[in-house]
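Notes for the one structure printed next.
The values are calculated or read from the model by the stated rules, or taken from the named source; none is laboratory data. This one's a predicted model, so the numbers in the text were calculated from it and none came from an experiment. Here the Cβ is made from the backbone with ideal geometry for all residues, glycine too, and neighbour counts use every protein chain on show. Note: accessible area is taken over every heavy atom of the protein model, side chains too, but ligands, DNA and RNA are not part of it. Shrake-Rupley method; radii C 1.70, N 1.55, O 1.52, S 1.80 Å.
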Amino acid sequence: METFLHRIDEVGAQERVARLFSRSIKKESKIHALKTVLSMIDLTTLEGKDSPGKVKQLCYKAAHLHDQFPDLPTVAAICVYPTMVPVAKKALRDTGLKVASVATAFPSGMTSLSYKLEEVKMVVDAGADEVDMVISRGKFLQGEYHYVSDEIAQVKEACGKSHLKVILETGELVTLDNVRFASDIAMAAGADFIKTSTGKVSPAATPPVVLVMLEAIRDYYNQTGKKIGMKPAGGISKAKLAVQYLVMVRETLGQDWLTADLFRFGASSLANDILMQIVKQSTGVYQSANYFSID
Amino acid sequence: MNKREDVKKTYKLYIGGKFPRTESGRYFKWTDPKNSTVVNMCRGSRKDFRNAVVSARSAFSGWRSKTAYNRSQILYRIGEMLEGRRGQFMDELILQGASKKEAENEINQSIDRLIYYAGWADKYQQVFSRVNPVASSYFNFSYPEPTGVVSAIAPDEPSLIGLVSIVAPIIAGGNTVVVLASEAKPLCSITFAEVLHTSDVPGGVVNILTGYRSELLEHFSSHMDVNAIVYCGNVKEEIKFVQENAALNVKRPIVYTDENWLDKKVQDPYRILNTLEIKTTWHPVGI
Amino acid sequence: METTTIKSDLKTDWSYSPAPESTDHIRINQQVDLFINGEFIPSEKEKYFETINPANEKKLADVAEADKTDVSKAVSAARKAYENVWSKMDPAERGKYIYRIARLIQERAREFAIIETMDGGKPIRESRDIDIPLVSAHFFYYAGWADKLEYAFPGKQAKPLGVAGQIIPWNFPLLMAAWKIAPALATGNTVVLKPAETTPLTAMKLAEIIQEADLPPGVVNIINGNGKTGRALVEHPDIDKIAFTGSTDVGKLIMKTVAGTGKKYTLELGGKAANIIFEDAAIDQAVEGIINGIFFNQGHVCCAGSRLFVQESVADTVISKLKDRMETLIVGDPLDKNTDIGAINSKMQLDKIKMYVDMGLNEGGTIYQSSCKLPEKGYWHAPTLFTDVSQSHRIVQEEIFGPVLAVQTFRTVDEVITKANNTPYGLSGGVWSDKGAKIFKVSKAIRAGVLWANTFNKFDPASPFGGYKESGMGREGGLEGLMPYVNLV
């Protein structure tokens, strides 16, 4: 397998992020950005204590973000554990919203490939539109890149028509060189999206990591003509940060990627902050969280 | 019994590690103060100077990339060789007008000065280098590098230690030099070249010309491939002339006036620094 | 690839709304006088010249022009302040004044940033995030040196020189003022500063701060004018030291003028820096470094990385990425917080840049310019790069001082070192490689005073800056920056 072709300088990446994040997004461009962010959210609940009741509430929220503002877009999808897929699927029937399920022994991935494939088949059979898998970070750090690649390819096959998002769990890969290489492996192995994190490891999505993954997507597109999607996840709870990520996408990949088809936010509380900001922008008054339903 | 005739020495130039006559074929008569000896000194020309600069330039990259330890040893070796040839310098200095005591003192001081700068050759870098605490994620350090090819007008007197005192810090710093010897007392400068020649100093690192200061000053100060000029003397018009010409290529003009070259006060590492450049390098600190 | 379609009528043509920095809290005096002996006074002949905003060609103020008499007035104020007050003051107290200046600049930072941008044309992002913070940092750094000079030069005592005449350029007006004034004051000298003709305003604001800081009258004097005023300052017999930043031509003239006078001088002159990208570099960061190297401050930077050398094996990739990146640069209103490239400083400079671009085309270079729209009023130039040029093209040899990059390719390390050094200049250089040993080898081999390895155009008060060869002599910044203002005895 090709070794590290793309080197990343951490300080340079941080400086690029700082420059991108210094963009000042105001007025119409801010409203537009906030709505766009909203439409890109994978509303997520991934907890051991999740129950059908919790998931149903979340699905209702996803479809009815803020009924006072009818022209708002809905979120893109909801993201749940495998056992909750049938519940979500049923709750979202006729809404047009997608159901994404994590799979492959999320979040650690520490089981055999056959179990992982079994799990993927299970969620796909249950109707998951999108599958969020985790890569085998241990294998990656051991240098077993073929293993990592083959696993992704087999999961992709198991997905059938469902979309595959490949979670790199960048907090465990540690270096940006690793992030870049893992991105390249995932894309070459068939990922439809690459995704930063499970949300269970700290740090989750960091701006330099997202930048490096976007640059990987850009290079892959320039080489192959294939557009791969990107999903930062974990720790994105504020509208300001989300808008800054949009700036990053716009200036790294261009306008084409500013759509939920190619960019998602994995988040649980971001939607409400966006809503607060949208209301603030249209009323001119700063908002309180008490006025926005939590689920 | 027949009297044995002396074999007289021919004084030539020292360019690129060789002892050529001046390409111009010209000479000037040098007579000792007692009018006992007449010597035909080479009257170096503009072209000799140009050739010397070419030699100095081509020797520069080798000399600057030698280890500091190696340069230090070579400077020490010059001191050793000078010590070994005291007799010859005694004769010449006395012939040039010095008393025996004066000659002895000048030779001693010259040797000591060489040893002094030999010691600095691998230390000034530490004195003049720093790590700069910049307020960002960078490792930033500054260190001195030689400025390049230096031309030098040696003081008229004292002619040996004057020459040694300006050449030693220049080459200790990794520069190469073309030096114009004392016009009044030129003998020991060429003999000093013989010392250099036997001291592992690579050819072209030090080049010594004899000739007329009035004629050569223009070329020493205006040559576009010379990075700095050291001028020793106190003739105001000459200083102005040198500094004006230096502007042609932003040469660093270094002027030493009224120095007591026999005094230890004229030796310090700042004289090395005068023909050095500070380079600052930035590099990110990250993974 | 099958796509998931989301119900959304959002179009993907998102652009940024204007985000202009508010200027309503900024006060620019319509008439700006000379600052001599702690007071603002008109020039002897009461002659004024206009300073304009290069982004809209509107007049900002009338500025008093100093002639010989005014220069003499300023110099004698500086001399008196030197003899009677400043050189006699306890160095620690001197330091406290300088600290005070640093603090006052921090307090009024935004005001300075906005005026710098209006008078000079640079983007507010740069004046706000780079220039002005560096200005206060510079004063802060040198303030602390004032009472510690005996530790700076082992074996020697550092004595002040007297009165320093300082002439600064228009590309970093206030920053250059700080680079000049801070070390001069810390070492016990007094100052007559002449800002550039097109950018006098922030220096005059600094004069206000110097007044506010209660600096003894005459310690800092600031006068304005063109080259004539500068010449009068250089020629003034009672000046002990000239510090100049500007073109190599003027630097040479100054050397000639002060020859034989015994005046000390430091020169910070032009450059034509090589920025070298090796195949094993972190390419995306290198591209960013190229951008910063040449388009920072519209390319009005003496240390700009104006000669790009890319190793052949990655040349296509780098150049295509570079072009993509150039497309994202926002050119326009310097006061807009999103502007990357502001206005060219003056009509004269714009004409010079255009002349070089024409020359590049005539010499057979291939041009690429980003497709940005340029405003109609004001002086503007699109980010530009030339390929198919070589060391023998004039646009590769001469300093353009604008957003114009000349790109060459190379094959081996030795080849690129030779080409990089094939210039009379030696101010700065850049080298990009992930291989440490190569970084050290190449950065050592480049004959220049500042080497940016895996970065470019970074500045810090603690970091010495200055050139080899025709790029000048002396260093500014860091401990080395004290040297030009002292006699070692």
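Do we find that C:N29 is in a helix (DSSP H, G or I) and either assigned by TED's automatic domain parsing to the domain that holds C:I239 or open to solvent by 30 Å² or more (accessible area, probe 1.4 Å) (or both) in this structure? No.
Apart from one condition, C:P133 fits all of (1) touching a residue at least 24 places away in the same chain (Cβ under 8 Å); (2) more than 14 Å from chain A (Cβ to nearest Cβ); (3) within 30 Å of B:F128 (Cα to Cα); the exception is (2).
Listed conditions (1) more than 11 Å from chain C (Cβ to nearest Cβ); (2) closer than 21 Å to C:I283 by Cα are all met by A:L58, apart from (2). For region A:187-234, filtered to residues that are open to solvent by 30 Å² or more (accessible area, probe 1.4 Å), assigned to a loop (DSSP other than H, G, I, E, B) and facing another protein chain (nearest Cβ under 10 Å), the residue that is nearest to A:K165 (Cα to Cα) is A:K227. For region A:18-50, the tally of residues that are open to solvent by 10 Å² or more (accessible area, probe 1.4 Å), among the aliphatic types (A, V, I, L, M) and either touching a residue at least 24 places away in the same chain (Cβ under 8 Å) or closer than 30 Å to A:I78 by Cα (or both) stands at 3.
Do we have any residue at all in region A:100-116 that's within 11 Å of chain C (Cβ to nearest Cβ), modelled with pLDDT of 95 or more, under 21 Å from the mean Cα position of the chain (by Cα) and within 16 Å of A:K165 (Cα to Cα)? Yes - at least one qualifying residue is present in region A:100-116.
Quick check, is C:F296 touching a Gly at 6+ places or on another chain (Cβ under 8 Å), aromatic (F, W, Y) and under 30 Å from C:Y485 (Cβ atoms)? No, not satisfied. Within region B:239-271, can you find the residues that are in a helix (DSSP H, G or I), of a type in the set (V, I, T) and open to solvent by 20 Å² or more (accessible area, probe 1.4 Å)? Matches in region B:239-271: B:I239 only.
Applying the condition of being within 11 Å of another protein chain (Cβ to nearest Cβ) and touching a helix residue (DSSP H, G or I) at 6+ places or on another chain (Cβ under 7 Å) to region B:252-266 and asking which residue is farthest from A:V209 (Cα to Cα) yields B:V255. Evaluating A:H66 against the criteria (1) within 14 Å of chain C (Cβ to nearest Cβ); (2) in contact with a helix residue (DSSP H, G or I) (Cβ under 6 Å, 6 or more places away or on another chain); (3) closer than 22 Å to A:H32 by Cα leaves one unmet condition, (1).
State whether the residues of region C:466-473 include one that is surrounded by fewer than 20 Cβ atoms within 10 Å (Cβ to Cβ) and either at pLDDT below 95 or in a strand (DSSP E or B) (or both). Within region C:466-473, not a single residue is surrounded by fewer than 20 Cβ atoms within 10 Å (Cβ to Cβ) and either at pLDDT below 95 or in a strand (DSSP E or B) (or both). Of the candidates C:S247, C:S306, the single residue that is of a type in the set (S, T, Y) and crowded, with 23+ Cβ neighbours inside 10 Å is C:S306.
Candidates in region A:254-295 are the residues that are in contact with a strand residue (DSSP E or B) (Cβ under 8 Å, 6 or more places away or on another chain) and open to solvent by 20 Å² or more (accessible area, probe 1.4 Å); of these, the one that is farthest from A:L43 (Cα to Cα) is A:D261. For region C:81-107, a tally of residues being more than 17 Å from C:W145 (Cβ to Cβ) and either free of Cβ contacts under 8 Å to residues at least 12 places away in the same chain or crowded, with 18+ Cβ neighbours inside 10 Å (or both) returns 8.
For region C:360-369, the count of residues that are in contact with a Pro (Cβ under 8 Å, 6 or more places away or on another chain) and of a type in the set (V, I, T) is zero.
Considering region A:18-37, and only residues there that are in contact with a Ser or Thr (Cβ under 9 Å, 6 or more places away or on another chain) and more than 9 Å from chain C (Cβ to nearest Cβ), the residue that is nearest to C:N454 (Cα to Cα) turns out to be A:L20.
Tell me yes or no: at least one residue of region A:132-144 is in contact (Cβ under 8 Å) with a residue 60 or more places away in the chain and either within 27 Å of A:T224 (Cβ to Cβ) or in contact with a strand residue (DSSP E or B) (Cβ under 9 Å, 6 or more places away or on another chain) (or both). Yes, there is a match, as at least one residue in region A:132-144 is in contact (Cβ under 8 Å) with a residue 60 or more places away in the chain and either within 27 Å of A:T224 (Cβ to Cβ) or in contact with a strand residue (DSSP E or B) (Cβ under 9 Å, 6 or more places away or on another chain) (or both).
Among the numbered conditions (1) aliphatic (A, V, I, L, M); (2) open to solvent by 10 Å² or more (accessible area, probe 1.4 Å); (3) more than 9 Å from every other protein chain (Cβ to nearest Cβ), the only one that C:A315 does not meet is (2). For the list (1) open to solvent by less than 10 Å² (accessible area, probe 1.4 Å); (2) in a helix (DSSP H, G or I); (3) among the hydroxyl-bearing types (S, T, Y), I need the number of the one condition that C:T339 fails. For C:T339, the failing item is (2). I'd like to verify a number: residues in region B:197-229 that are within 14 Å of chain C (Cβ to nearest Cβ) and either crowded, with 18+ Cβ neighbours inside 10 Å or in a strand (DSSP E or B) (or both), how many? So the answer is 8.
Just one of (1) open to solvent by 10 Å² or more (accessible area, probe 1.4 Å); (2) outside any loop (DSSP other than H, G, I, E, B); (3) under 17 Å from A:T44 (Cβ atoms) fails for A:V166. It is (1). Once region C:318-334 is narrowed to residues that are away from chain A (no Cβ under 11 Å) and among the hydrophobic types (A, V, I, L, M, F, W, C), the residue that is nearest to C:S433 (Cα to Cα) is C:V318.
Cβ-Cβ contacts under 6 Å between residues 6 or more apart (or on different chains), taken from a first residue in region A:261-277 that is farther than 26 Å from A:K227 by Cα to a second residue that is in a helix (DSSP H, G or I), are listed as A:D273/A:A239; A:I274/A:L34; A:I274/A:V37; A:I274/A:L38; A:I274/A:A239; A:Q277/A:L34; A:Q277/A:A239. Residues satisfying the criterion are absent from region C:114-123 (criterion: over 19 Å from C:P169 (Cα atoms) and open to solvent by 10 Å² or more (accessible area, probe 1.4 Å)). Residues of region B:40-75 that are buried (at least 18 other Cβ atoms within 10 Å of the Cβ), in a helix (DSSP H, G or I) and among the hydroxyl-bearing types (S, T, Y): B:S55, B:S72. Take region A:114-148 and flag every residue that is of a type in the set (A, V, I, L, M) and either touching a Cys at 6+ places or on another chain (Cβ under 8 Å) or open to solvent by less than 40 Å² (accessible area, probe 1.4 Å) (or both). Matches in region A:114-148: A:L117, A:V120, A:V123, A:V124, A:A126, A:A128, A:V131, A:M133, A:V134, A:I135, A:V148. Number of residues in region B:272-287 that are crowded, with 24+ Cβ neighbours inside 10 Å, more than 21 Å from the chain's Cα centre (by Cα) and away from chain A (no Cβ under 14 Å): the value is 3.
crowded, with 17+ Cβ neighbours inside 10 Å and at positive phi, is that true of B:G17? Against the criterion (crowded, with 17+ Cβ neighbours inside 10 Å and at positive phi), B:G17 qualifies.
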